[in-house]
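Let me begin by presenting the structure, written as structure tokens, before commenting on it.
Every number here is computed from the coordinates shown, using simple stated rules; none is lab data. Predicted, not measured: the structure shown is a model, and the values here were computed from it. Positions of Cβ are backbone-derived with ideal geometry, glycine not excepted, and every protein chain shown enters the neighbour counts.
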Amino acid sequence: MQALLTESFLVSLLFGAVTAGLPLLLAGLGEQISEKAGVLNIGLEGMMLVGAYTGFVATYHTGSFWLGFLAGGAGGMSAALIVLLLCIRRGLNQIVIGISITLGAEGLTSLLHFVQFSRSYPRLAAAPVVVLPALGDIPILGKGLFSHSPLVYLTVILVATLTWVFRSTYFGLSLEAAGNTPAALDAAGVDVVRTRSCAVMCTGFLAGLGGAYMANVGAGIFVPFITSGAGVIGIVLAMLARGRPLMVMIGAALFGASLAMTTALQVAGIDIPTDVVQMLPFAVVMAVLVLFGRHSMLPPALGTPYVRGER
Amino acid sequence: MTDGSTFAGFQATLLRVLVPVALALIVGGLILLVLGKDPVGYYGYVLERSLLRWGGAQETLTRMAPLLLIAAGLIVAFRAGIWNLGGDGQFLLAAVASAALAPVFIGILPRGLTLVACMLVGSLVGALWSVIPAVLKARYGVNEIITTLMMSFLGTSLANVLIKLVLRDPDTTVPQTRSLPVDDRLPRLFGTTIHGGLVLAVLTVIVVHLMMTRTAFGLKLQVLGANRAAAVHAGFRVERLILAAFALSAALIGLAGAVEVLGVWGTVRADWNPALGLLVVPLVFLARFNGFAVIGFTLFFSALMVGGESAARRVGVPQHYVLVLVALLLLFLGIVEYLDQSRRKSGTP
């Protein structure tokens, strides 16, 4: 047990938790915006994957991580555009279109990657790190939590911003109404379709950003299927958070920590199947649901298209 | 209804299916063309490899068995308005359970009994893995998408843990369960490489289709799927119906896992996950929850998978390209259906 408390173990655990948790956080926040507005983005995984690919390619060719993040966000938005056009505008089934986005993104990104790189997987240079002043000097915590890509700090700011947006802005309340009683929002003179479209594009951007971070900063390479279920965890986080961004962050930290735990344990020389640790967060969440999940936690209009005058 | 209108209806349905398939193949071909590959050569190769060659055709038919059983499970759930998206966990745990028991049973039971017992165990394990989402949905209305997805993650990890820590065959280097000898697996059909699971799967899909459309139980599930409040007002025991639909759906998916192990692999390796649970969802939608149509789409998809895997080695198009085709197919199906609906709406005064 002594090995568990060494500095290198704790640093790699904390650092890994942030690195693994950030894509989940970004995707979860994105999904939360959509869900508030009554849109269920089962295609979140696909949006992340497209973002991971476009983000990687942009950084690979330009060497700029910021351009990579932007391209990742744009890639995610391009996948979200399908949801916007088919599900929000035309009212097609959100779950079916979502699954097809994920399947299509898996196929298309591996196809494009194969055409460009064949079977080689080029690695990017290490992503630049910003050490926060003062905080970065704290032993263990400094290296683990406060020496990361600037995107990490921006995302934490985003959590606070979103909390404020949801609670006290016109747009935030419109989102909430679009998910709860779209007809009332329509009656109040706000365009439901436009509100939901905005929400979905935000989701696409954040999910794509998360994917780009995952490929460029977390892994440093792009491999097909790199997101491997991160989008699904994002959906789970958003649904569990019941509309509170802070809860998404806590959930992402929990999942990130359990993902990082396996690598950290290997650093500490303890051999345990990764699967055991990866089960933990899901087991905890299911236990919480069984014990306390006594009421529905999703907006009533979730997943249903809004057609004016129809009940 | 006269014969003429039935025929017209059939024609319209056929058109609604064929147009998306054609559009998906064309747009998919254009993508290949843009990437500098030869679409005609690719499609030709896939068709020849998976259907026209006897060996390939047998592979295609064998591959259909688990897909059909999963589709049967999804038809039950979807018609009852239940989103069972946790197929992977149910499939894998059932596969592991039957793979673990088969070599033990074969020592004490005759072959036929062993196979039946293992399939029953597989179905039971699949059903058990859906109990928590089912109860949460029936009792407390907790959204089953999230719970089945989580149980699926848990199930795939648990399957690996079981293989690596508990059921591991000490004689192999790669962690896997003890394997069932080839002679003790599901019987092959008439000297082909196709195993009997295919017959079971086809029959199951048809029985499930008839059950959902022709029996009181099936119709109750359909009412539940259309409108839960209506089912409550009709006096159905909605909670029980939800539990039953969930259990049946997951049991069929579990059966798929058992059949795949007993018919093809004889063992489960650690980290093996064909991830068919979500892949079959589009097929079931394309077939509009119709069991007979599912058989056709499964054949189409199975051929694409078998041909696509081989094309990856021969023609230089990665096998995941098949996923692009499926996604395109779904998109076009949605669009065609939408256009069809709005045409009808504007047609009526």
**Study point:** Set of lysines near B:Lys220 by C-alpha distance (under 22 Å), chain-local residues within fewer than 8 positions excluded
**Key:** B:Lys137
Check your understanding: Which whole DSSP H helices in chain B pass both tests: a Cα extent of 27 Å or more along the axis and a mean Kyte-Doolittle value no lower than 1.6?
Key -> B:3-34, B:238-260
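What is the mean number of Cβ atoms from other protein chains located within 10 Å of the Cβ atom of each residue in peptide A:232-242, rounded to a whole number? All intermediate terms of the calculation are to be shown ahead of the outcome.
Details: counts 8, 3, 0, 4, 6, 1, 1, 7, 2, 0, 0.
Mean number of neighbouring Cβ atoms from other chains: 3.
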Review point. For chain B, with only Lys/Arg (+1) and Asp/Glu (-1) charged at the beta-carbon, what is the dipole magnitude about the Cα centre, in debye rounded to 20?
Key: 580 debye
Study note, to complete from the structure: Plugging the Cβ-Cβ distance of B:Ala8 and B:Arg214 into 1/(1 + (r/R0)^6) at R0 = 35 Å yields, to the nearest 0.05, a FRET efficiency of 0.90
Practice item. Using Cα positions and a limit of under 17 Å, work out the aspartates and glutamates in reach of B:Lys345, with same-chain residues fewer than 8 apart set aside. Key: A:Glu310, B:Glu337
Check your understanding: How many nm separate the modelled label positions at A:Phe171 and A:Leu135, each set 7 Å beyond the Cα in the direction of the Cβ?
Key -> 2.4 nm
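Please give the FRET efficiency for A:Ala183 paired with A:Arg244, using the beta carbon to beta carbon distance and R0 = 30 Å, rounded to the nearest 0.05. Can you show the working numbers first?
Numbers: r = 25 Å, r/R0 = 0.85.
The value I calculate is 0.75.
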Check your understanding: Hey, got the average number of other protein chain Cβ atoms within 10 angstrom for residues in B:309-322?
Key -> 3
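By the scheme Lys and Arg +1, Asp and Glu -1, what is the net charge of all other residues having a beta-carbon under 14 Å from that of A:Phe282? Mind showing how you got there, number by number?
On the way: positive: none; negative: A:Asp275, B:Asp88.
Net of charged neighbours comes to -2.
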Point to revise | Length released on extending from A:Leu291 to A:Arg119, taking residue separation times 0.36 nm less the Cα-Cα span | key: 57.1 nm
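Which value at 222 nm does the protein assembly as shown reach when only helices count, each DSSP H run of 4 or more adding -39,500 (n - 2.57), with the total divided by all residues and rounded to the nearest 500 deg cm²/dmol? All intermediate terms of the calculation are to be shown ahead of the outcome.
Numbers: 26 runs with 462 residues, N = 660.
Mean residue ellipticity at 222 nm (helix-derived): -23500 deg cm²/dmol.
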**Study point:** Segment B:Arg313-B:Ser342, length gained on full extension (0.36 nm per residue, minus Cα span)
**Key:** 6.0 nm
**Study point:** In nm, spacing of pseudo-spin labels at B:Arg188 and A:Ala126 (7 Å Cα→C-beta vector)
**Key:** 5.7 nm
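Average partner chain C-beta neighbours within 10 Å, per residue of B:334-341?
On the way: counts 10, 4, 0, 3, 5, 1, 0, 2.
Per residue, the average neighbour count from other chains is 3.
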**Study point:** Relative contact order (%) - the stretch B:64-317, alpha-carbon pairs under 8 angstrom, separation at least six
**Key:** 40 percent
Practice item. Identify all aspartates and glutamates with a Cα-Cα distance to A:Lys143 below 16 Å; exclude those on the same chain that are fewer than 8 residues away in sequence. Key: A:Glu7
Practice item. Rounded, prolate or oblate: pick one for the protein assembly as shown, where a ≥ b ≥ c are the square roots of the eigenvalues of its C-alpha gyration tensor, a/c under 1.5 means rounded, and failing that, prolate if a/b is larger than b/c, else oblate. Key: rounded
